[in-house]
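Shown next, in structure tokens, is the structure this report addresses.
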Amino acid sequence: MRFVDEFREPELIRKAAEEIRRLADPARRFRLMEVCGGHTHAIYRFGLKDVLPANVELIHGPGCPVCVLPMGRIDDGLSMAGRSDVILTAFGDMMRVPGTQGSPLQHKARGRDVRIVYSPMDALKLAQANPDTHVVFFAIGFETTAPSTALTMMRARAQGTRNFSVFCNHVTIVPAIRAILDSPDMRIDGFIGPGHVSTVIGCRPYEWIAADAGKPIVVSGFEPLDILQGIVMLLRQLEHGEARVENQYTRAVPWEGNRAALGVIAEVFELRPYFEWRGMGFISQSALRVNDRYADWDAERRFNVPGLRVTDPKAAQCGEVLKGVLKPAQCKLFGRECTPEHPVGALMVSSEGSCAAYYNYEHRKSPAVIDLASMA
Amino acid sequence: MPIVSARLVPRVRFKDPQIEMAHGAGGKASRRLVEGLFAPLLLDSREGPLGDAAHLRLGPTDLAVTADSFVVNPLTFPGGSIGELAVNGTVNDLAVAGARAEGLVTTFILEAGLPGDVLEAEVRAMARAARQAGVAILGGDTKVVEHGQADRMYITTTGIGRPLSGVTIDVRSVRPGDKVLLSGPVGDHGITILLARGGLDLEADLESDTRSVWPMVETLVDAAGAGVRWMRDPTRGGVATSLNELARDCGLGVSILEDDVPVHNAVRGACELLGLDPLHIANEGQFLAVVAPEHATAALRAVQSTPGGERACIIGEILPQPAGTVLAMTRYGASRVIDMLVGDPLPRIC
């Protein structure tokens, strides 16, 4: 299959891994953060840690839009599903994320009208097919998905569809990276930059990371060879003491970003002064909200959402994992109170959550974990 | 080599507050429901792990009995329909228990308002599938519920089969070094259904693989006899779920070479786009078998020589460790765990 097989070619993967071993000075430790949850999943899914030398450590970043939503926002979204005239629509990623009264799937099982859509446009079509109801789209995602939400709202406005609104939870990636760099307990040598987000925002917004923070960042794709090549490029910069923004994912990411996509974001959204991130607290100018011109399609204004702050369960350490301070398995709840079936935090169920990746692909690899044979 | 009896696997308890779709999806929640609630309360005696069919001894005669219900949406899809599934699904459950289907009893639950011609088409599909599989339909029952109380039609079939002699399908006979055989490409049925539902704006040249696997099973058993240790048809939850059940029930590890699992390009493409794993996608015309290593070559040749089994292959083997775990190996020396799915496969956003 084109664009897939050539980036999973075993011989090339072996060569890239060799190059990494050659570059990674054994006297040093290299702590590289993959910002995007898509990278985290690819790393575990393809077993890339197995081919990396022990002194190249990958640290999972906050780039999982489902994971970073605090529980209060989930509750706010679900509060609208409580109304008999509302159909709440969301991406599949959201369906297992726990709110205080259960996940969207559990609300659905109790008879609430919660439906999975594959695109915000499907939610708009649903509204147009059901004029007696109101369809709310639970919008999540970084700059990657914000353009499709914005386009849908522009179409709703153009077509005069009034029974449709968006519960906007779009967040922006750069302030989150800044928060991580500002965090005192974090020592990171370089970043594997987010590939999908960068197809929209381009590479320029990262220039301060290199210039001000002095860290190299390489925007990378999601196939095994993309990630390994991204690591090679980071190690080369580190070898020469450089800190630059580089683009490994040139087949998808234009340096200047996607002007049309940025244009529709600007048409519909504006920056929130601040937004709460799960476990990371309030980060200024880190999220989008619907601007006044689109107020009629803003679910937060049309419905009186409670807007309560809900603190995470005390023992959960989602914030530390999101910031890369803890590895998933170092959380006290991992694999015990918190599993994909009974998640305490969203990181355990999102398709980009690092706990889900670690749980699904990694944690039972070691025979010590469930050694039934030795029990006999 | 310590071999663990399946009885050492920790008992499952059902404490879930409500039934959710995941309880029917064939993964962990289904397991809790069946092994934590139904089995302890309903089964008289439970020896070893639950298989695809129950065995019953009536005087000198051994019988295999199984039941399966079909609630598929849409009712018809490329390559098949609910009526055909209702026959083949049950025939296959008997087949992987090492039994030839001899008779079926069928129950229809019909929603008032179901068009007569839709029902007739499905009954004809059942008759056709039964003829092809060489199984008699012995009788059945019909209930009709109010419009809106069911989704058009549900079919349950109960199958009675005659176990083949000379082979014992028992997961407790599985040993390290045994080979894992797969009958053909995976994921066709599940992806066909997902696309047939029409919500995805994706099209592919793809058909469900629904068919009877009995001819392949019969030649396999002829060729490998007692070398066949275990079989399963990887329906809901896919190959990943069946292999996890195998690993758990035999208390050993299962290792597969992921690149060796045959997958049609259309299925791979859809899975790549939607963030799904072909190993988690349902099949309706494939089976997995664990075969003793000395019989593996003969077993593979036998299945490959059966019409429809041409793409059969050995995808992996049984390991002493890690117990209860399925590992996928790559050609570049890495590995990952393959877990059961929690609930239904849900497409991701990006």
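The values are calculated or read from the model by the stated rules, or taken from the named source; none is laboratory data. Source: prediction; values computed, not measured. Cβ: placed from backbone, ideal geometry, glycine included. Neighbour counts: every protein chain shown.
Summary of computed values
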quantity: Lone qualifier among A:Val290, A:Val321, A:Val305 - being touching a residue at least 60 places away in the same chain (Cβ under 8 Å) and either within 14 Å of chain B (Cβ to nearest Cβ) or over 24 Å from A:Gly102 (Cα atoms) (or both); calculated: A:Val290
quantity: Residue among B:Ala323, B:Ala312, B:Ala302 that alone is surrounded by fewer than 24 Cβ atoms within 10 Å (Cβ to Cβ) and in contact (Cβ under 8 Å) with a residue 60 or more places away in the chain; calculated: B:Ala302
quantity: Given (1) surrounded by fewer than 23 Cβ atoms within 10 Å (Cβ to Cβ); (2) touching an Asp or Glu at 6+ places or on another chain (Cβ under 6 Å), index of the condition B:Pro215 fails; calculated: (2)
quantity: Qualifying strands (runs of 3 or more DSSP E) (wholly inside the stretch B:43-122; at least 3 residues being in contact with a helix residue (DSSP H, G or I) (Cβ under 8 Å, 6 or more places away or on another chain)); calculated: B:61-70, B:99-111
quantity: Some residue of the stretch A:361-373 being away from chain B (no Cβ under 12 Å), in a helix (DSSP H, G or I) and modelled with pLDDT of 85 or more; calculated: no
quantity: Exclusive hit being touching an Asp or Glu at 6+ places or on another chain (Cβ under 9 Å), over 20 Å from A:Cys64 (Cβ atoms) and in a loop (DSSP other than H, G, I, E, B), set A:Pro306, A:Pro340; calculated: A:Pro306
quantity: Residues of the stretch A:322-350 that turn out to be surrounded by fewer than 23 Cβ atoms within 10 Å (Cβ to Cβ) and of a type in the set (S, T, N, Q), as a count; calculated: 2
quantity: Top-ranked residue of the stretch B:165-199 - restricted to ones that are of a type in the set (A, V, I, L, M, F, W, C) and assigned to a helix (DSSP H, G or I), ranked as nearest to B:Ser255 (Cα to Cα); calculated: B:Val171
quantity: Hey, A:Pro254 without any contact (Cβ under 8 Å) to a residue 40 or more places away in the chain, surrounded by fewer than 20 Cβ atoms within 10 Å (Cβ to Cβ) and assigned to a loop (DSSP other than H, G, I, E, B) or not; calculated: no
quantity: Any hit, the stretch B:48-68, residues being within 20 Å of B:Asp344 (Cβ to Cβ), touching a Gly at 6+ places or on another chain (Cβ under 9 Å), more than 14 Å from chain A (Cβ to nearest Cβ) and at pLDDT 90 or above; calculated: yes
quantity: Strands (runs of 3 or more DSSP E) wholly inside the stretch A:79-194 that include at least 1 residues being in contact with a Cys (Cβ under 9 Å, 6 or more places away or on another chain), buried (at least 24 other Cβ atoms within 10 Å of the Cβ) and not hydroxyl-bearing (Ser, Thr, Tyr); calculated: A:134-141, A:190-193
quantity: Extreme residue, farthest from the chain's Cα centre (by Cα), among residues of the stretch A:19-41 that are in a helix (DSSP H, G or I) and within 11 Å of chain B (Cβ to nearest Cβ); calculated: A:His41
quantity: Residues (under 25 Å from A:His342 (Cα atoms), away from chain A (no Cβ under 14 Å) and not small (Gly, Ala, Ser)) located in the stretch B:13-47; calculated: B:Val34, B:Glu35, B:Leu37, B:Phe38, B:Pro40, B:Leu41
quantity: Residue that is nearest to B:Leu33 (Cα to Cα) [pool: residues in the stretch A:324-358 that are of a type in the set (D, E, K, R) and touching a residue at least 12 places away in the same chain (Cβ under 8 Å)]; calculated: A:Glu337
quantity: Selection count where residues are more than 19 Å from the chain's Cα centre (by Cα) and not aromatic (Phe, Trp, Tyr), scope the stretch B:88-125; calculated: 22
quantity: Any hit, the stretch A:68-81, residues being farther than 23 Å from A:Thr311 by Cα, in contact with a Pro (Cβ under 7 Å, 6 or more places away or on another chain) and more than 9 Å from chain B (Cβ to nearest Cβ); calculated: no
quantity: Output for the stretch A:324-337, where each listed residue is out of contact with any strand residue (DSSP E or B) (no Cβ under 8 Å at 6 or more places or on another chain) and either in a loop (DSSP other than H, G, I, E, B) or within 14 Å of another protein chain (Cβ to nearest Cβ) (or both); calculated: A:Val325, A:Leu326, A:Ala329, A:Lys332, A:Leu333, A:Gly335, A:Arg336, A:Glu337
quantity: Test: residue in the stretch B:105-116 that is at pLDDT below 90, surrounded by 14 or more Cβ atoms within 10 Å (Cβ to Cβ) and charged (D, E, K, R); calculated: no
quantity: Residue that is touching a Gly at 6+ places or on another chain (Cβ under 6 Å), more than 24 Å from A:Met80 (Cα to Cα), in the same structural domain as A:Gln128 (by TED's automatic domain parsing) and of a type in the set (Gly, Ala, Ser), where the choices are A:Gly263, A:Gly319, A:Gly279; calculated: A:Gly279
quantity: Filter result for B:Asp151 (assigned to a loop (DSSP other than H, G, I, E, B), in contact (Cβ under 8 Å) with a residue 24 or more places away in the chain and surrounded by 22 or more Cβ atoms within 10 Å (Cβ to Cβ)); calculated: no
quantity: Tally, over the stretch A:24-35, of residues that are touching a strand residue (DSSP E or B) at 6+ places or on another chain (Cβ under 8 Å) and over 15 Å from A:Val321 (Cβ atoms); calculated: 5
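One line per residue, one yes/no per condition, for (1) over 30 Å from B:Leu58 (Cβ atoms); (2) in the same structural domain as B:Leu273 (by TED's automatic domain parsing); (3) of a type in the set (Gly, Ala, Ser); (4) modelled with pLDDT under 95:
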position	(1), (2), (3), (4)
B:Val180	yes, yes, no, no
B:Val186	yes, yes, no, no
B:Leu194	yes, yes, no, yes
B:Ala204	yes, yes, yes, yes
B:Ser212	no, yes, yes, no
B:Pro215	no, yes, no, no
B:Glu218	no, yes, no, no
B:Leu243	yes, yes, no, no
B:Arg248	yes, yes, no, yes
